[in-house]
1. Considering (1) modelled with pLDDT under 85; (2) in a helix (DSSP H, G or I), say which one VAL290 fails and leave the rest.
2. Look at THR423 and say whether it is in a helix (DSSP H, G or I), over 29 Å from MET268 (Cβ atoms) and either modelled with pLDDT of 90 or more or polar (S, T, N, Q) (or both).
3. Looking only at the stretch 371-396, count every residue that is touching a Leu at 6+ places or on another chain (Cβ under 7 Å) and among the hydrophobic types (A, V, I, L, M, F, W, C) and tell me the total.
4. When you check LEU218 against the structure, is it under 18 Å from the mean Cα position of the chain (by Cα) and part of a helix (DSSP H, G or I), yes or no?
5. Identify, from the list THR284, THR278, the residue that is part of a helix (DSSP H, G or I), touching a Ser or Thr at 6+ places or on another chain (Cβ under 6 Å) and buried (at least 19 other Cβ atoms within 10 Å of the Cβ).
6. Tell me, please, whether a residue that is aliphatic (A, V, I, L, M), under 30 Å from VAL181 (Cα atoms) and either modelled with pLDDT under 85 or in contact with a strand residue (DSSP E or B) (Cβ under 7 Å, 6 or more places away or on another chain) (or both) can be found in the stretch 360-375.
7. Taking the stretch 387-412 only, how many residues are under 28 Å from MET193 (Cα atoms) and either of a type outside the set (A, V, I, L, M, F, W, C) or not assigned by TED's automatic domain parsing to the domain that holds LEU214 (or both)?
8. Does GLU210 qualify as being more than 22 Å from GLU309 (Cα to Cα) and in contact with a Lys or Arg (Cβ under 9 Å, 6 or more places away or on another chain)?
Amino acid sequence: MPHFKFEAYDQTGKEIKDIIEAPSEAEAQATIRQMGYQVTKIVLHKERKAKTAAKKVSGKTFSFGRVPSKQLTTFTRQLSILQDAGLPILRSLNILMEQSKPGALRNSLIDVCNEIEGGASLSEAMSKTPKAFNRLYVNMIKAGEAGGALETILQRLAEFLEASERLKRKIKSAMTYPVAVILFATMILIFIMGWIVPQFEKIFVDFGLELPWLTNFLINATHFVKNYWFLLPGIPFCIFVFIKLATSFEFGRYGWHLFLLKVPIFGMLFEKTIVARTTRTLGTLVTSGVPILEALHITRETSNNAVFERIYQKVLEAIRDGDTIANPLKQYRCPPFHLGALFFFAVFGVGVGVLRYLMVLQKRVMDDMVINMVDVGEQTGELDTMLYKVADVYDEEVETITEGLMSMLEPILIIFLGGIVGTIVIALFMPLIKLITSLSAPSK
């Protein structure tokens with residue numbers, strides 16, 4: 001009796017993937033529906049040959065971690081060009097595998113080639129190498145295979161990945177200057193507090209001077225740093241571990257992500273970045289012919305934010321009940337009060353943080369423009385076009401906000417560092433001037 005591989009959703013919206021045995025596809029679908037599942041895809045399950053499964057893989061090297069996004073973007077563009085030239089997919093993959101450097105991408109391509117030689121489709125082969133090809137990538141390839149437009153899908157996928165890479169590069173380049181300034185200033189402060197201040201302290205002790213409170217504070221701070229220097233990297237590490245532990249639970253993860261969206265200035269940047277990424281992802285999937293339920297499910301997973309995951313889950317449930325996308329987006333775009341977010345505001349902002357959270361409690365994480373554009377897209381049948389427009393607008397806003405923040409950050413850093421150095425100089429020269437004055441005064 002044949003086996004059928006199916007994908008479906010249960011009544012709670014959870015995705016189900018399994019294999020069922022039935023005389024025919026129609027009977028398999030009837031059995032799945034009786035189980036309370038809504039079928040989104042069902043195909044005949046092909047048994048792999050034993051020799052294929054046991055095939056020895058050669059040429060692989062040790063690697064760990066995922067394939068870097070930059071490498072994956074370059075590979076996708078090259079594969080798109082080769083497919084557009086009319087080469088068979090296996091030959092294209094072998095060409096790219098041979099020119100790839102040893103690492104995670106080459107190992108993944110070796111596995112993909114072996115799977116295809118064993119009878120698997122490209123999407124099936126890529127789904128078995130999640131370190132290189134995520135669910136978004138695999139489903140777009142699957143849609144291209146089903147529609148016979150793999151070349152077009154690869155071009156869209158390459159454009160999508162290239163747009164994401166451009167945004168990452170802009171943010172990284174904008175952060176280079178402030179990070180370099182902070183590191184350089186930290187080294188200077190370490191030198192001053194580790195060598196200069198002790199020399200002045202020795203002079204002050206030898207002359208038995210009565211030191212001002214600012215000088216005493218500087219000397220005590222120097223002793224603290226010298227004796228407890230390990231706390232300087234330890235405190236950020238403890239904060240990092242605390243956040244990791246808190247976000248390992250769904251309650252803490254939602255609270256932390258909501259906190260990030262509500263913090264001043266940077267919250268707006270996080271919000272617009274996520275909206276740009278999710279709308280571009282959904283638009284790309286819709287354009288590629290991926291079913292809307294599957295597209296929303298993938299978009300929810302790629303948002304990487306619990307607040308937006310909740311919103312897209314509500315949209316998915318509403319679509320299943322026959323509603324539109326715009327209505328649940330409008331209904332759930334304002335996150336409800338959450339104790340986890342209040343806790344993080346209290347920890348990092350004390351009383352002011354709690355007040356801040358209460359002030360922005362009703363703040364939406366999606367503007368009216370997004371809702372209206374989606375609504376127009378659904379009514380005109382051009383949802384993918386409207387989603388692309390939203391993504392383009394938000395990408396530009398993210399770039400503008402980032403440039404504005406960096407231009408503000410440069411003078412702020414200069415003023416802050418100048419204030420620290422000036423305070424140190426004043427603290428050291430106040431008793432020194434007093435000493436010079438007392439030595440130069442005529443003795444009675």
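1. Going through the list (1) modelled with pLDDT under 85; (2) in a helix (DSSP H, G or I), VAL290 breaks only (2).
2. Yes.
3. Qualifying residue count, the stretch 371-396: 3.
4. No: the conditions fail for LEU218.
5. THR278
6. Checking the stretch 360-375: not a single residue is aliphatic (A, V, I, L, M), under 30 Å from VAL181 (Cα atoms) and either modelled with pLDDT under 85 or in contact with a strand residue (DSSP E or B) (Cβ under 7 Å, 6 or more places away or on another chain) (or both).
7. So the answer is 2.
8. In short, yes.
The values are calculated or read from the model by the stated rules, or taken from the named source; none is laboratory data. Everything quoted here is computed from the prediction, not taken from an experiment. For neighbour counting, all protein chains shown are included, and Cβ atoms are generated from backbone atoms with ideal geometry for every residue, glycine included.
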